[in-house]
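Engineer: Mind looking over this structure? Questions follow.
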Amino acid sequence: MGVRRPFVAGNWKMNPDYAGAKALTEALGPALAPYLGSVDVGACPTHLHMPSCGPDLRKAGLLVGAQDAYPGTTGAFTGEVSVAMVKECGASFVLTGHSERRHVLMETDALVREKTHAALDAGLGCVLCIGEKIEQREAGKTDEVNRHQLESALAGLDEAVAKERLTVAYEPVWAIGTGKVASPQDAQDAHQKIRAVLAGLFSQETADSIRIQYGGSMKPENAAELLAQPDIDGGLIGGAALKADAFASIVEAAAGVVSP
Ligand code: PGA
């Protein structure tokens, strides 16, 4: 794993309900405590649950992330929650470009770019999610899609900001929530190419310091092998993040690959 401290984040999506989110929060503290010395761990509850779960998540040593945030502070954007608001609620990072937002909520590259810049400009971390759909993979376009999504979201970003606060999550769309997972070799190959694109956008030094998470059906059974790859620096976890013991096993695997 080298110099990059692993970063594992749970994306709770539109799960669980109020009581379930509180229970999950309570269970995560003791389950994760042994690993927080060597791994950064984050949790992304719904916006509604950030005020009820955030303080306890932070007390347990986790970073709280927002699943989404709209650029700006206030304004006439019915239903949206701003970057400033999630910051006020204790978020220290925001997910942008998640495949469900790109392909279910139909967010454009332009909006992903705006959100990414807005989160970073506000001093928050940003986990920029990228990845190809199955038909793009089958057409041999994985690297092209990743390059396009990176360049489109990150062009014009200040290098120092990228170095300090940017994380990239490579999430092949066909692997999200499907139980199908990229092979460690395929994931490593994609991550290495993503790092090369980051080196072109910024510098090799900055690219070497940016963490690239893998996401898409990462679970206790496959985490160790994925996380052992040199360019896989953590995970963005959906389904397996909803059970404290499964999530803790993934974090344990991340702790296991940290160089002594
Ligand atoms: P999954 O989701 O782990 O359930 O595949 C990952 C994600 O969407 O970030």
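The values are calculated or read from the model by the stated rules, or taken from the named source; none is laboratory data. This one's a predicted model, so the numbers in the text were calculated from it and none came from an experiment. A quick note on method: Cβ atoms are made from the backbone with ideal geometry, for glycine too, and the neighbour counts reach across all protein chains shown. In case anyone asks, the SASA skips ligands and DNA or RNA and just uses the protein heavy atoms, side chains included. Shrake-Rupley method; radii C 1.70, N 1.55, O 1.52, S 1.80 Å.
Engineer: Residues that are open to solvent by less than 40 Å² (accessible area, probe 1.4 Å) and more than 14 Å from the ligand (Cβ to nearest atom): list the strands (runs of 3 or more DSSP E) wholly contained in the range 12-107 that include at least 1 such residues.
Structural biologist: 40-44, 63-66
Engineer: Looking only at the range 221-240, decide whether some residue is modelled with pLDDT under 95 and within 11 Å of the ligand (Cβ to nearest atom).
Structural biologist: Looking for residues that are modelled with pLDDT under 95 and within 11 Å of the ligand (Cβ to nearest atom), one finds none in the range 221-240, hence no.
Engineer: Is at least one residue of the range 137-157 in contact (Cβ under 8 Å) with a residue 12 or more places away in the chain, touching an Asp or Glu at 6+ places or on another chain (Cβ under 6 Å), open to solvent by 40 Å² or more (accessible area, probe 1.4 Å) and within 16 Å of the ligand (Cβ to nearest atom)?
Structural biologist: no
Engineer: Now a separate question. Condition first: among the small types (Gly, Ala, Ser), touching a Leu at 6+ places or on another chain (Cβ under 8 Å) and part of a helix (DSSP H, G or I). Now tell me which residues in the range 138-171 satisfy that.
Structural biologist: Residues satisfying the conditions are Ala153, Ala162.
Engineer: Sticking with this structure for a sec: Can you work out which of the residues in the range 175-219 that are open to solvent by 40 Å² or more (accessible area, probe 1.4 Å) and within 11 Å of the ligand (Cβ to nearest atom) is nearest to Gly239 (Cα to Cα)?
Structural biologist: Checking each candidate, the answer is Gly177.
Engineer: Given the options Val251, Val258, name the one that is open to solvent by 20 Å² or more (accessible area, probe 1.4 Å), within 29 Å of Glu26 (Cα to Cα) and hydrophobic (A, V, I, L, M, F, W, C).
Structural biologist: Step by step, each of Val251, Val258 is checked, and only Val258 is open to solvent by 20 Å² or more (accessible area, probe 1.4 Å), within 29 Å of Glu26 (Cα to Cα) and hydrophobic (A, V, I, L, M, F, W, C).
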